[in-house]
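All remarks here apply to the structure that follows.
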Amino acid sequence: MAVIRVAVNNNFNCTPAEFAQLNKFSDQYPEHTFFVNCNIVTPLLTTINSHPYKAVITVNPSLSVIPEQVDRLDSIDPAKIAFLRIKWLPKDKQIQDLAEKLCQSYPIVLTLQRFKSKTTLLQYTALKNYIWNCSNYRLIGPALSYVKSWAKTHNTPICDIKDLGCLGCGLCATNNGRPGDSILSLNLSTSGECPYNCQDCYAKAFQKKLKAWHRPIMKYDFIHANFKQAGKTAHIRHARERLLTNGCSK
């Protein structure tokens, strides 16, 4: 049994064709729980109210808090929300206020924004809060300590806070009522390529490489564990090595 995150590498656009295709997968694999991956600007987002699948919804996909977008949550049945994903930036009062407000009414998960380039990073935050590691600028130091403390105080989890990938996180399974279950991916061909261009999106960056290598950019209509879910990314390997080193030094 597993929890299947649908549209990990694109976006579930909530179209009739997508729901029809997802229904076929759900009927074929009744032992699994399927939930869909959307962002708050998805035009047909409110149609999730009419279907049996829960959704994870990114509330600030552009890293900006846009009130009229956030207000769309009022039209969503709370029972259809697996969790709200908030991209966190250090010392961003609007994002912190948003998280403070939403965590009182919804299950939320913080994602610590990573950056692929210094140019993009400097548009939103200060370089001193980040370190270049495993092809990304990642949050460190007092800024990281602060968000950990804030999250603990507000009983709000942080995605992959241990840097061990989905195997060490499990939030997708827990927030879908299946704690401890495996977490797998499904990208539907009816969803196609993601129409959005979020800042330094890991999926878009990887797809760009695949295109340059003349390889398919996505595995469509195939349930599988991606690299993060399988624990095979470089940042996960490095985190495991640190744990082994620290364990041996004690």
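Here, each number is a calculation from the coordinates, and none is a lab measurement. What you see is a predicted model, and the numbers here were worked out from it, not measured in a lab. As a convention, Cβ positions derive from the backbone with ideal geometry for all residues, glycine included, and neighbour counts pool all protein chains shown.
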Considering (1) under 19 Å from Tyr196 (Cβ atoms); (2) in contact with a helix residue (DSSP H, G or I) (Cβ under 9 Å, 6 or more places away or on another chain), say which one Trp150 fails and leave the rest.
-> (1)
Only one of these is more than 19 Å from the chain's Cα centre (by Cα) and aliphatic (A, V, I, L, M): Leu122, Leu73. Name it.
-> Leu122
Leading residue by the ranking (surrounded by the fewest Cβ atoms within 10 Å (Cβ to Cβ)) among those in the range 60-78 that are touching a helix residue (DSSP H, G or I) at 6+ places or on another chain (Cβ under 9 Å) and over 22 Å from Val147 (Cα atoms) = Ser75
Which is crowded, with 16+ Cβ neighbours inside 10 Å and in contact (Cβ under 8 Å) with a residue 24 or more places away in the chain, of Ala205, Ala225, Ala234?
-> Ala225
Elements of type helices (runs of 4 or more DSSP H) contained in the range 115-172, each with 1 or more residues being farther than 17 Å from Phe227 by Cα | 118-124, 141-153
Those residues of the range 198-216 which are hydrophobic (A, V, I, L, M, F, W, C) and outside any loop (DSSP other than H, G, I, E, B) amount to Ala203, Ala205, Phe206, Leu210, Ala212
For residues in the range 183-197 being in a strand (DSSP E or B) and of a type outside the set (A, V, I, L, M, F, W, C), which is surrounded by the most Cβ atoms within 10 Å (Cβ to Cβ)?
-> Asn187
Residues in the range 16-40 that are out of contact with any His (no Cβ under 9 Å at 6 or more places or on another chain) and surrounded by 17 or more Cβ atoms within 10 Å (Cβ to Cβ) total 10
